[in-house]
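Accompanying notes for the structure given below.
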Amino acid sequence: QTCALPISHPVELLETADLELAEGALLLAERHAEQAIRTCGIDDLKVRAGAERVLGQVARSRGDRAGALQRFRAAARLFEVLEDKSAVAQILAEAGRLSIARSRYAEAVTDLRGAAERAPGDLSIQYSLARALWFAGQPLAAVAILGGILEIDGKFMEAIRLRGEILADLNWPDQALTDLNRTRQGREPSTLAAR
């Protein structure tokens with residue numbers, strides 16, 4: 001995949017990198033994002049932040065979780081300076097989920113708390129924070145967050161399932177079965193073990 005015309009403007013480079021990333025052309029996305037960083041002005045934080053985000057997504061797609069975290073955190077810092085709370089929240093959420101995958105639960109909790117503060121209405125971020133808290137050894141905090149999620153969306157099945165598993169882990173069988181019985185279709189090993 002090649003571009004018909006050479007691209008030199010940083011915004012166009014970033015737009016091209018985003019499109020290439022969406023198409024799975026990781027090498028081209030990486031090249032254009034790096035070129036956007038090299039050619040943007042020192043004050044063009046939006047281009048730099050977007051390019052760092054693209055590079056983080058490329059690294060994550062390649063399985064380089066540490067590299068992805070580094071890029072995501074750089075992008076989050078830049079978007080923070082730009083006061084783009086939504087972008088910061090989404091990037092910190094991605095970083096937190098990567099930290100969960102790397103079994104770095106304290107880091108995940110930190111990133112996901114930051115994301116939740118910036119996007120308190122995003123239930124997927126709240127759910128990820130609850131998972132991180134449970135894995136970090138804070139099951140009661142996780143249950144409290146899941147309860148808040150279910151007050152807003154009582155049909156959020158993953159939240160019901162996770163709360164049931166945590167309640168079973170806490171040895172609260174009646175409450176656990178109430179949730180687990182609502183998710184009968186759940187065949188995950190953790191759900192079956194909790195039941």
Against the longest alpha carbon principal axis of the chain, how many degrees, from 0 to 90 and to the nearest 10, is the axis of helix 26-39 turned?
60 degrees
Report ³J(HN,Hα) in whole Hz for each residue of segment 48-61, in order, from the Karplus equation J = 6.51 cos²θ - 1.76 cosθ + 1.60 where θ = phi - 60°; Gly and Pro get x.
4, 5, x, 5, 4, 4, 4, 5, x, 5, 5, 4, 4, 4
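If you average the sequence gap of Cα pairs under 8 Å that are 6 or more apart and divide by the length of segment 1-140, what percent do you get for the contact order?
Details: 195 pairs, mean separation 20.5, N = 140.
Once normalised by length, the contact order is 15 percent.
Does segment 93-144 come out rounded, prolate or oblate, given a ≥ b ≥ c as the square roots of the eigenvalues of its C-alpha gyration tensor, rounded meaning a/c under 1.5 and, failing that, prolate meaning a/b above b/c?
oblate
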What percentage of the solvent-accessible surface of the chain, computed with a 1.4 Å probe over protein heavy atoms, is contributed by carbon and sulfur atoms?
52 percent
The chain shape via C-alpha gyration tensor axes, a/c threshold 1.5:
prolate
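Just check segment 65-153 against the gyration tensor rule for me: Cα atoms, a ≥ b ≥ c as the square roots of the eigenvalues, rounded for a/c under 1.5, and otherwise prolate or oblate depending on whether a/b exceeds b/c. Intermediate results must be reported in sequence, preceding the final value.
On the way: a/c = 2.66, a/b = 1.32, b/c = 2.02.
Oblate is the answer for segment 65-153, as a/c is 1.5 or above yet b/c matches or exceeds a/b.
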Residue-normalised accessible area of the chain, expressed per residue, 1.4 Å probe, Å²:
52 Å²
Would you mind checking the tilt of helix 85-101 against the longest principal axis of the Cα atoms of the chain, expressed as 0 to 90 degrees and rounded to 10?
60 degrees
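By the scheme Lys and Arg +1, Asp and Glu -1, what is the net charge of all other residues having a beta-carbon under 14 Å from that of LEU170?
On the way: positive: ARG163; negative: GLU165, ASP169, ASP174, ASP179.
Every neighbour counted, the sum reads -3.
If Lys and Arg each add +1 and Asp and Glu each add -1, what is the summed charge of the other residues whose beta carbon sits under 11 Å from the beta carbon of LEU45? Don't jump to the answer; show the numbers that get you there.
Values: positive: LYS46, ARG48, ARG77; negative: ASP43, ASP44, GLU52, GLU80, GLU83, ASP84.
Residues near LEU45 contribute -3 overall.
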Taking Cα atoms only, helix 157-169 is inclined relative to the longest principal axis of the chain by an angle, in degrees rounded to 10, of 50 degrees
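Report the net charge of residues surrounding ARG31, where surrounding means a beta-carbon distance below 12 angstrom and charges are Lys +1, Arg +1, Asp -1, Glu -1.
Once all neighbours under 12 Å are counted, the net charge is -2.
The values are calculated or read from the model by the stated rules, or taken from the named source; none is laboratory data. Nothing here was measured: the structure is a model prediction, and the numbers come from that model. Glycine also receives a Cβ, built like all others from the backbone with ideal geometry; neighbour counts cover every protein chain displayed. Side chains are part of the model used for accessible areas, which takes the heavy atoms of the whole protein and leaves out ligands, DNA and RNA. Shrake-Rupley method; radii C 1.70, N 1.55, O 1.52, S 1.80 Å.
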